[in-house]
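Undergrad: Pasting in a structure now, in structure tokens, and then I'll have a few things to ask.
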Amino acid sequence: MNVDVTVVGAGPTGLLLASELALAGVRTRILERRTEPQRDSRALTLHPRSVELMDQRGLLDRFLPLGRTVPGWHFAQLPTRLDFSVLDSRRGYTLFLTQARTEELLAERARELGVVVERGYEVTGLSQEADGVDIEVRGQDGTVETFRTGYVVGCDGGRSVVRQSAGIAFPGTDETLTGVLGDFAVTDPDALDAARASGVLVAPLEDGLTRMVFMDPERMRVPAGEPVTLEEFRTSLTRICGTDCGIAAPRWLSRFGNATRLAERYRAGRVLLAGDAAHIHFPAAGQGLNTGLQDAMNLGWKLAAEVNGWAPPGLLDSYDAERRPVGQQVTENTEIQTLLWELTLVRQYQRPGEALRKLFDELLGMEEVNRMLAGRVSALGTAYEPPAPGADPLVGRRMPDIGLKAVASEAIRVYELLPAGRFVHLDLAGDDPDLGAAVSSGWGSRVTTVTVTGRDDHPDLDGVTEVLVRPDGHVAWATRTTEVGNRRAERRAALEAWAGTPA
């Protein structure tokens, strides 16, 4: 067996997943059909939860200087913005950063961890047995070879060969409308306000480029596979806002559709799916790339635990149980946003469509509604269902990145304890002198224990005496039990349920 895990696809999802696996000592290779990294960027943003993930792995200092932070975002291009800054996060902003830059930084991270991206290799099929997966690959010279690997993860996009070969259904809806985007080196800056006022998304990019995105009512039924020409783009832009905005020298023109599909399951034996291979949708509010990164972070440590032989029963299956509902929620909210946009473009629905958008905009002005939708789009509101009833309310939610004071240590934040990709056990009560030795003797290579002598206040942590934080920053277990003896029994059960039997 050549490697433990083969990741198919070197986009952001595949690169982050491979890095997470390598961080845990798993032998990993990436196969990528393209011979060169993607130059053009369909996605432009890292939303707050994705920014937090980079922070948890100690990578954020690489990303922040290259992007621009934005405290709010849009929902269906409505005037009232979603306010990320009021959410419970130190990273309450979107980082405006092109996908090409994100891929470049994640590829650098993968290389540092010893992962090689093998380009020019197209996966043409696979078959699996109880002890491994046989992958058929075509090289640049047309030669086809078959090799065996322990697991395969398809991060190979909406037309995933991995998904199809594994027999995983991809139900959903076909494309019914399309939009266009263009990156231009030359525009008329004075005309861009008119474009924005007419519903065109205008965004400054690197190297002086300007991106424009819109749907033309007269061209919105053109199939996504039909190429966009500069003349078509210019004509549509003029029809929509009365000016062509002086566009010239296009770097990239593309058409995209609203086909929406969700994999029937994210795992079939030794084959798993992440990113666009598992879910596709209209790029409303820029959630696709971010959802893929969060898939990778959830899957990486679980698959590594399985490969390394210590995963408790059901841990790898929890990837599907936790992430597929998130994929469902994202596909549904993007369909809602697309409908709100489409209704104003279809002539017979323009008046009720505008009324509906006005109503939604009024709702966004309500603090509770804005916060709820901001939590969904940012993914800061993502909370996983506890595996057992009666769990503490904190279980499944993101661990707050509070400041801590530990024994014989300088002040530190929770996320600064996560770069190694291990569980972090926080002893917030600090009253069990045997705790550190007990955890390290049984789970020392999997769990970092910190005895906390002081911490920032946080309402969600009132009364909490111990917390077990997962490698992805979500809470695995928490207790408010004060009696030390009772806590020891709870703690051991939690460690065995999440971090496996003691070594």
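Undergrad: Kindly provide the set of residues from the range 237-248 that are surrounded by 15 or more Cβ atoms within 10 Å (Cβ to Cβ) and assigned to a helix (DSSP H, G or I), ordered by number.
TA: LEU237, ILE240, CYS241
Undergrad: Then there's this: Looking only at the range 323-341, count every residue that is surrounded by fewer than 20 Cβ atoms within 10 Å (Cβ to Cβ), under 21 Å from VAL200 (Cα atoms) and of a type outside the set (A, V, I, L, M) and tell me the total.
TA: Residues meeting the conditions: 2.
Undergrad: Oh, and also: Given the residues VAL161, VAL213, VAL152, VAL137, which is the only one that is within 29 Å of LEU345 (Cα to Cα), surrounded by 12 or more Cβ atoms within 10 Å (Cβ to Cβ) and among the β-branched types (Val, Ile, Thr)?
TA: Values: VAL161 fails: within 29 Å of LEU345 (Cα to Cα); VAL152 fails: within 29 Å of LEU345 (Cα to Cα); VAL137 fails: within 29 Å of LEU345 (Cα to Cα).
Answer to the check: VAL213.
Undergrad: A follow-up question, please. Tell me, please, whether a residue that is in contact with a Phe, Trp or Tyr (Cβ under 7 Å, 6 or more places away or on another chain) and touching a residue at least 40 places away in the same chain (Cβ under 8 Å) can be found in the range 162-176. Before the answer, list the steps.
TA: So the first thing to find is which residues in the range 162-176 are in contact with a Phe, Trp or Tyr (Cβ under 7 Å, 6 or more places away or on another chain), and the list is 163.
Still in the running and touching a residue at least 40 places away in the same chain (Cβ under 8 Å): 163.
Looking through the range 162-176, at least one residue is in contact with a Phe, Trp or Tyr (Cβ under 7 Å, 6 or more places away or on another chain) and touching a residue at least 40 places away in the same chain (Cβ under 8 Å).
Undergrad: Follow-up question, since we're still on this one. Considering every residue within the range 41-51, establish whether at least one is among the basic types (Lys, Arg), over 16 Å from the mean Cα position of the chain (by Cα) and either surrounded by fewer than 20 Cβ atoms within 10 Å (Cβ to Cβ) or within 15 Å of ALA296 (Cα to Cα) (or both). Show your work before the answer.
TA: Step one: of the range 41-51, the residues among the basic types (Lys, Arg) are 42, 49.
Those left that are additionally over 16 Å from the mean Cα position of the chain (by Cα): none.
No: the range 41-51 contains no residue that is among the basic types (Lys, Arg), over 16 Å from the mean Cα position of the chain (by Cα) and either surrounded by fewer than 20 Cβ atoms within 10 Å (Cβ to Cβ) or within 15 Å of ALA296 (Cα to Cα) (or both).
Undergrad: Sticking with this structure for a sec: May I ask you to verify whether ALA383 is touching a strand residue (DSSP E or B) at 6+ places or on another chain (Cβ under 8 Å), within 24 Å of TRP73 (Cβ to Cβ) and part of a loop (DSSP other than H, G, I, E, B)?
TA: Working: touching a strand residue (DSSP E or B) at 6+ places or on another chain (Cβ under 8 Å): yes; within 24 Å of TRP73 (Cβ to Cβ): yes; part of a loop (DSSP other than H, G, I, E, B): yes.
Criteria met by ALA383.
Undergrad: Give the range 1-14 a look and list any residue that's of a type in the set (A, V, I, L, M) and either in a strand (DSSP E or B) or surrounded by 23 or more Cβ atoms within 10 Å (Cβ to Cβ) (or both), or say none.
TA: Taking the range 1-14 first, the residues of a type in the set (A, V, I, L, M) are 1, 3, 5, 7-8, 10.
Scanning the range 1-14 gives VAL3, VAL5, VAL7, VAL8, ALA10.
Undergrad: Another question, if that's okay. Testing ALA374 on (1) of a type outside the set (Phe, Trp, Tyr); (2) at pLDDT 95 or above; (3) assigned to a loop (DSSP other than H, G, I, E, B), one condition comes back false. Which one is that?
TA: (3)
Undergrad: From the list GLU416, GLU354, which one is acidic (Asp, Glu), in contact with a Ser or Thr (Cβ under 8 Å, 6 or more places away or on another chain) and not in a loop (DSSP other than H, G, I, E, B)? Break it down stepwise before answering.
TA: On the way: GLU416 fails: in contact with a Ser or Thr (Cβ under 8 Å, 6 or more places away or on another chain).
Only one candidate qualifies: GLU354.
Undergrad: Residue check, PRO37 against (1) more than 30 Å from ARG148 (Cβ to Cβ); (2) modelled with pLDDT under 95, all met but one. Which one?
TA: (1)
Undergrad: Mind counting the residues in the range 474-486 that are surrounded by fewer than 21 Cβ atoms within 10 Å (Cβ to Cβ) and either small (Gly, Ala, Ser) or not in a strand (DSSP E or B) (or both)? Before the answer, list the steps.
TA: To start, the set of residues in the range 474-486 that are surrounded by fewer than 21 Cβ atoms within 10 Å (Cβ to Cβ) comprises 474, 480-486.
Cutting the leftovers down to either small (Gly, Ala, Ser) or not in a strand (DSSP E or B) (or both) gives us 480-486.
Qualifying residue count, the range 474-486: 7.
Undergrad: Applying the selection to the range 456-473, what residues are more than 28 Å from the chain's Cα centre (by Cα), among the charged types (D, E, K, R) and surrounded by 20 or more Cβ atoms within 10 Å (Cβ to Cβ)?
TA: Result: GLU466, single match.
Undergrad: I would also like to ask the following. For residues in the range 348-373 being among the aliphatic types (A, V, I, L, M) and more than 11 Å from THR80 (Cβ to Cβ), which is surrounded by the most Cβ atoms within 10 Å (Cβ to Cβ)?
TA: Quick first cut of the range 348-373, residues among the aliphatic types (A, V, I, L, M) only: 355-356, 359, 363-364, 366, 369, 372-373.
So of that shortlist, the ones also more than 11 Å from THR80 (Cβ to Cβ) come out as 355-356, 359, 372.
Details: ALA355: 12, LEU356: 16, LEU359: 11, MET372: 12.
The selected residue is LEU356.
Undergrad: In this structure, does ASP193 turn out to be surrounded by fewer than 18 Cβ atoms within 10 Å (Cβ to Cβ), of a type outside the set (Gly, Ala, Ser) and closer than 30 Å to ARG219 by Cα? Step through it out loud before you land on a result.
TA: Numbers: surrounded by fewer than 18 Cβ atoms within 10 Å (Cβ to Cβ): yes; of a type outside the set (Gly, Ala, Ser): yes; closer than 30 Å to ARG219 by Cα: yes.
Taking the combined requirement at face value, the residue satisfies it.
Undergrad: Which residue, of LEU31, LEU53, LEU21, LEU17, is touching a residue at least 40 places away in the same chain (Cβ under 8 Å), farther than 25 Å from ARG376 by Cα and assigned to a helix (DSSP H, G or I)? Quick ask: steps written out before the conclusion?
TA: On the way: LEU31 fails: assigned to a helix (DSSP H, G or I); LEU53 fails: farther than 25 Å from ARG376 by Cα; LEU17 fails: farther than 25 Å from ARG376 by Cα.
Result: LEU21 is the single residue among LEU31, LEU53, LEU21, LEU17 that is touching a residue at least 40 places away in the same chain (Cβ under 8 Å), farther than 25 Å from ARG376 by Cα and assigned to a helix (DSSP H, G or I).
Undergrad: Among the residues of the range 128-135, is any without any contact (Cβ under 8 Å) to a residue 12 or more places away in the chain and small (Gly, Ala, Ser)?
TA: Looking for residues that are without any contact (Cβ under 8 Å) to a residue 12 or more places away in the chain and small (Gly, Ala, Ser), one finds at least one in the range 128-135, hence yes.
Residue-by-condition table, conditions (1) over 30 Å from LEU339 (Cα atoms); (2) touching a residue at least 40 places away in the same chain (Cβ under 8 Å):
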{"site": "SER41", "(1), (2)": "no, yes"}
{"site": "ARG57", "(1), (2)": "yes, yes"}
{"site": "THR80", "(1), (2)": "no, yes"}
{"site": "PHE84", "(1), (2)": "no, yes"}
{"site": "GLN99", "(1), (2)": "no, yes"}
{"site": "GLY142", "(1), (2)": "yes, no"}
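Undergrad: Just name the residue that is nearest to ILE402 (Cα to Cα) out of those in the range 63-97 that are assigned to a loop (DSSP other than H, G, I, E, B) and aromatic (Phe, Trp, Tyr).
TA: Initial filter on the range 63-97 (assigned to a loop (DSSP other than H, G, I, E, B)): 67, 71, 74-81, 87-93, 97.
Next cut, aromatic (Phe, Trp, Tyr) only: 75, 93.
Details: PHE75: 29, TYR93: 18 Å.
Among residues in the range 63-97 that are assigned to a loop (DSSP other than H, G, I, E, B) and aromatic (Phe, Trp, Tyr), the one nearest to ILE402 (Cα to Cα) is TYR93.
Results for (1) assigned to a loop (DSSP other than H, G, I, E, B); (2) over 26 Å from the mean Cα position of the chain (by Cα), shown as yes or no for each residue.
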residue: LEU192; (1), (2): no, yes
residue: GLY199; (1), (2): yes, yes
residue: ALA203; (1), (2): no, no
residue: VAL213; (1), (2): no, no
residue: PRO217; (1), (2): yes, yes
residue: PRO223; (1), (2): yes, yes
residue: GLU231; (1), (2): no, yes
residue: THR235; (1), (2): no, yes
residue: LEU253; (1), (2): no, no
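Undergrad: Limited to the range 312-347, what total is found for residues that are within 23 Å of the chain's Cα centre (by Cα) and outside any helix (DSSP H, G or I)?
TA: Number satisfying all stated conditions: 4.
Undergrad: Follow-up question, since we're still on this one. Of the residues LEU113, LEU95, LEU78, only one is within 18 Å of the chain's Cα centre (by Cα) and of a type in the set (A, V, I, L, M, F, W, C); which?
TA: Values: LEU113 fails: within 18 Å of the chain's Cα centre (by Cα); LEU78 fails: within 18 Å of the chain's Cα centre (by Cα).
Checking each option against the conditions leaves just LEU95.
Undergrad: Right, next: Which members of the range 419-434 meet the condition of being assigned to a loop (DSSP other than H, G, I, E, B), out of contact with any Asp or Glu (no Cβ under 9 Å at 6 or more places or on another chain) and farther than 11 Å from THR453 by Cα? So that I can check it myself, show each step before the final result.
TA: First, pick out the residues of the range 419-434 that are assigned to a loop (DSSP other than H, G, I, E, B): 419-422, 428-434.
Checking the rest, the ones that are also out of contact with any Asp or Glu (no Cβ under 9 Å at 6 or more places or on another chain) come to 419-420, 422, 430-431, 433-434.
Result: PRO419, ALA420, ARG422, PRO433, ASP434.
Undergrad: Please verify whether THR149 is hydroxyl-bearing (Ser, Thr, Tyr) and closer than 24 Å to ALA304 by Cβ, treating the condition exactly as stated.
TA: Details: hydroxyl-bearing (Ser, Thr, Tyr): yes; closer than 24 Å to ALA304 by Cβ: yes.
Answer is yes for this residue.
Undergrad: Looking only at the range 146-157, decide whether some residue is of a type outside the set (Lys, Arg), under 19 Å from GLN294 (Cβ atoms) and part of a helix (DSSP H, G or I). Give the steps one after another, and end with the answer.
TA: Initially, the range 146-157 is screened for residues of a type outside the set (Lys, Arg), giving 146-147, 149-157.
Filter once more, keeping what is under 19 Å from GLN294 (Cβ atoms): 153-157.
Filter once more, keeping what is part of a helix (DSSP H, G or I): none.
Among the residues of the range 146-157, not one is of a type outside the set (Lys, Arg), under 19 Å from GLN294 (Cβ atoms) and part of a helix (DSSP H, G or I), which makes the answer no.
The values are calculated or read from the model by the stated rules, or taken from the named source; none is laboratory data. Computed from a predicted model, the values in this text were never measured in an experiment. Here Cβ is always computed from backbone atoms with ideal geometry, including for glycine, and neighbour counts include all displayed protein chains.
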